[in-house]
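Student: Sharing a structure here in structure tokens format.
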Amino acid sequence: MIEVRGVTKRYGATTVVDDVSLDVPDGGLVALIGPNGAGKSTLLSIMSRLLPADAGTVLVDGMDVTTTRSDVLARRLAILRQDAHVGSRLTVRDLVTFGRYPHSKGRYTVEDRAHVERALDFLDLQPFADRFLDELSGGQRQRAFVAMVLCQDTDHVLLDEPLNNLDLRHAVGMMRLLRRATDELGKTVVVVLHDINVASCWSDRIVAMKDGRVAHDGPPAEVVRPEVLSDVYDLDVAVHELDGQLIGTYYR
Amino acid sequence: MSADLAARAGTALPAADRRRARPGLALTVLAALVVVAAAAFLTVGATGSWSFVLPFRATKLAGLAVVGTAVAVATVLFQTVTANRILTPSLLGMDAMFTLVQTVLVFVLGGAALAALPATGMFLGQVVVMVGCAVVLFGWLFGGQRRSLHLLLLVGVVLGTLLRSASGMLQRIMDPNEFAVLTNRLFASFNAIDDTLLGITAALVAAGCAFAWHRRHVLDVLALGRECATGLGVPYRRAVLEVLVVVAVLVSASTALVGPVTFLGLLVANVAYVVLGTHQHRWVLPGAALVSTLFLVAGQVVLEHALGFDTSLGVVIELVGGVLFLVLLVRGAAR
């Protein structure tokens, strides 16, 4: 359970996250949508203790993220930022192996290796496992980072735009993977998405943010409606039901 | 499907093995080269009594090894926390601090009075001043909520420039004879190393290296950057602060012993990364220390026997190091 209580974040006079409260119960795939600058990434960073809030608290399984030991949290919650990159020259397998650090503190066991191989398989990364990160395409690198986060094997997984740079097949593959993680392994996944239709088709709940506040919150059937989406994005969005899926169109 | 996986694993594994076998081999070769260089250093061109030559040269050799290790480890640690491979701890302004302290001492007390001061006290005072200033600076700039490492580096650069200008000004208005004394003290020199000071430095450097080795896995994670490291459960700010304090101790101790040799660190750390082909600190830390020791010892042998003591080791290192560094940069860009 992740509880966000009155979280506010300001940069100078600009309030990026404005008194947000949000409960994320265990299990389920929560999509965070909203226009650029709505505060989605900032909220995710605060929830994962990467950024301190100016006011409010975030509790993960009842533990305040600002005061709880970082390594305790790292076994409960994993985070992937949208512009993830690393300074050192690593192979894909090296990077994914770091996902086991919170559990083994660098002394990797046979079990850790198995986790790594499984994550590499899941994300179609075996063919590149021994390539260096700087020799990969953006999409391959993105998958390597997601593999690292999944390897961390935490109950809560926060992903900031994991579909960045992914082609259609890998984007769908990624969503299917996240779906499986919630349905079969009981994980809680909070994911920032830009594509409202991906959010509509794959998530259990959509939280729409606008101007630093939660504007709408509910299951896709409630949020993927023309009046809601038009309000959130300041753009006319029509919603159609196609093959049982709610699809928003806004292209022209 | 499983056959397919096995085949893929089969092709992937040898590559992984090759990659993992290499640092061990490289480390062994480096160690062997260091032994050869040390033997050459102790024996080549020795005339007269062995009982005099060996202890005399052994002290010098130990000095080279201690300073080499300190500079190499400090640079690797610094590059890890800054996630930048072309920075050196001299950015923190510690060699500028050393220069200023020496200049002020010579200026105020005069060279003759300075020479009469107890060496151990001078040395310890110097180390305490340098580490103390560094710790205050780090704590101030890095302790608060929003402080960043980049701010710390910027302040270090500005402070270094300020300290150097202050030294420069004092040196300009100094008595020329005193200035000659000062210049002598400021050049890195391995020729007159005091046994007691060497012992203290060795202890400090050993403590710093032991810390780095103990934290080698944390260092691997720190190299990923702040966000990744935090996400993986490393308390980033505290961990970086600890590393910076150790860097300050290593640099201060080696600088107070022989004077500033900072370019060496930049060079040997990069050579170590290339030679070992990995960024894992369990390989890079000993590797860089060995490369550094090898450069200093071999450089000293070349200096003493091929160049007939005509120049200082610092000059040889900067020449060889500069060329090698350019080669590394160009090769890195071409890759």
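Student: Of the residues that sit in segment A:148-165 and are more than 10 Å from chain B (Cβ to nearest Cβ) and hydrophobic (A, V, I, L, M, F, W, C), which one is surrounded by the most Cβ atoms within 10 Å (Cβ to Cβ)?
Tutor: A:C151
Student: Identify all residues within segment A:175-192 that are modelled with pLDDT under 90 and either of a type outside the set (D, E, K, R) or not assigned by TED's automatic domain parsing to the domain that holds A:R205 (or both); write none if there are none.
Tutor: Listed by number, the residues that qualify are A:L177, A:A181, A:L185, A:G186.
Student: So which residues in segment B:223-248 are touching a Gly at 6+ places or on another chain (Cβ under 7 Å) and more than 9 Å from chain A (Cβ to nearest Cβ), if there are any at all?
Tutor: B:V246
Student: Mind listing whichever residues of segment A:66-84 are assigned to a loop (DSSP other than H, G, I, E, B) and either of a type in the set (K, R) or more than 16 Å from the chain's Cα centre (by Cα) (or both)?
Tutor: Taking segment A:66-84 and keeping what is assigned to a loop (DSSP other than H, G, I, E, B), we get A:66-69, A:75-76, A:81-84.
A:T66, A:T67, A:T68, A:R69, A:R75, A:R76, A:R81 - these are the residues of segment A:66-84 that are assigned to a loop (DSSP other than H, G, I, E, B) and either of a type in the set (K, R) or more than 16 Å from the chain's Cα centre (by Cα) (or both).
Student: Follow-up question, since we're still on this one. Testing B:L232 on (1) at pLDDT 90 or above; (2) under 21 Å from the mean Cα position of the chain (by Cα); (3) surrounded by 14 or more Cβ atoms within 10 Å (Cβ to Cβ), one condition comes back false. Which one is that?
Tutor: Looking at each condition in turn, B:L232 falls short on (2).
Student: Please count how many residues of segment A:231-252 are farther than 12 Å from A:I33 by Cα and touching a strand residue (DSSP E or B) at 6+ places or on another chain (Cβ under 9 Å). Lay out the reasoning, then the answer.
Tutor: Pass one, segment A:231-252, residues farther than 12 Å from A:I33 by Cα: A:231, A:234-252.
If we keep only those that are touching a strand residue (DSSP E or B) at 6+ places or on another chain (Cβ under 9 Å) too, we end up with A:231, A:234, A:237-241, A:246-250.
Looking only at that region, the number is 12.
Residues are listed down the side, and each one gets a yes or a no for (1) surrounded by fewer than 20 Cβ atoms within 10 Å (Cβ to Cβ); (2) among the acidic types (D, E); (3) closer than 17 Å to A:L158 by Cβ; (4) more than 9 Å from chain B (Cβ to nearest Cβ):
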| position | (1), (2), (3), (4) |
| --- | --- |
| A:V72 | yes, no, yes, no |
| A:R81 | no, no, yes, no |
| A:A84 | no, no, yes, no |
| A:R89 | yes, no, no, no |
| A:G99 | no, no, yes, no |
| A:T109 | yes, no, no, yes |
| A:D121 | yes, yes, no, no |
| A:G139 | yes, no, no, yes |
| A:A144 | no, no, no, yes |
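Student: Would you mind stating whether A:D64 is away from every other protein chain (no Cβ under 12 Å) and within 18 Å of A:I46 (Cα to Cα)? Before you say what the answer is, go through the steps one by one.
Tutor: Details: away from every other protein chain (no Cβ under 12 Å): yes; within 18 Å of A:I46 (Cα to Cα): yes.
Against the criterion (away from every other protein chain (no Cβ under 12 Å) and within 18 Å of A:I46 (Cα to Cα)), A:D64 qualifies.
Student: Return the only residue of B:L219, B:L182 being buried (at least 20 other Cβ atoms within 10 Å of the Cβ) and within 14 Å of chain A (Cβ to nearest Cβ). Spell out the reasoning first.
Tutor: Details: B:L182 fails: within 14 Å of chain A (Cβ to nearest Cβ).
Checking each option against the conditions leaves just B:L219.
Student: Here is a further query. How do the helices (runs of 4 or more DSSP H) wholly within segment B:39-150 filter down when requiring 1 or more residues that are closer than 21 Å to B:A298 by Cβ, under 17 Å from the mean Cα position of the chain (by Cα) and of a type in the set (A, V, I, L, M): which remain?
Tutor: On the way: elements: B:50-82, B:94-109, B:111-116, B:119-143.
In segment B:39-150, B:50-82 are the helices (runs of 4 or more DSSP H) which contain 1 or more residues that are closer than 21 Å to B:A298 by Cβ, under 17 Å from the mean Cα position of the chain (by Cα) and of a type in the set (A, V, I, L, M).
Student: A further question on this structure: Is it the case that some residue within segment A:166-177 is more than 14 Å from chain B (Cβ to nearest Cβ), of a type in the set (D, E), under 14 Å from the mean Cα position of the chain (by Cα) and in a loop (DSSP other than H, G, I, E, B)?
Tutor: No.
Student: With the requirement that a residue be more than 9 Å from chain B (Cβ to nearest Cβ) and either part of a helix (DSSP H, G or I) or under 19 Å from A:L163 (Cα atoms) (or both), what does segment A:123-133 give you? Let's see the steps before the verdict.
Tutor: Of the residues in segment A:123-133, the ones more than 9 Å from chain B (Cβ to nearest Cβ) are A:123-125, A:128, A:131-133.
Answer for segment A:123-133, where residues must be more than 9 Å from chain B (Cβ to nearest Cβ) and either part of a helix (DSSP H, G or I) or under 19 Å from A:L163 (Cα atoms) (or both): A:L123, A:D124, A:L125, A:F128, A:L133.
Student: List the residue pairs whose Cβ atoms are under 6 Å apart, where the first residue sits in segment B:216-229 and is touching a residue at least 24 places away in the same chain (Cβ under 8 Å), the second is hydroxyl-bearing (S, T, Y) and crowded, with 24+ Cβ neighbours inside 10 Å, and the two are 6 or more positions apart or on different chains.
Tutor: B:L219/B:T80; B:L222/B:T80; B:A223/B:T80
Student: Cβ-Cβ below 9 Å, separation at least six or inter-chain, first residue in segment A:150-162 and part of a loop (DSSP other than H, G, I, E, B), second of a type in the set (D, E) and modelled with pLDDT of 90 or more: which pairs?
Tutor: If the second residue must be of a type in the set (D, E) and modelled with pLDDT of 90 or more, the pairs left are A:D155/A:D26; A:D155/A:D61.
The values are calculated or read from the model by the stated rules, or taken from the named source; none is laboratory data. The model shown is predicted, which means the values in this text are computed figures rather than measured ones. Neighbour counts run over all protein chains shown; Cβ positions are idealised from the backbone, glycine included.
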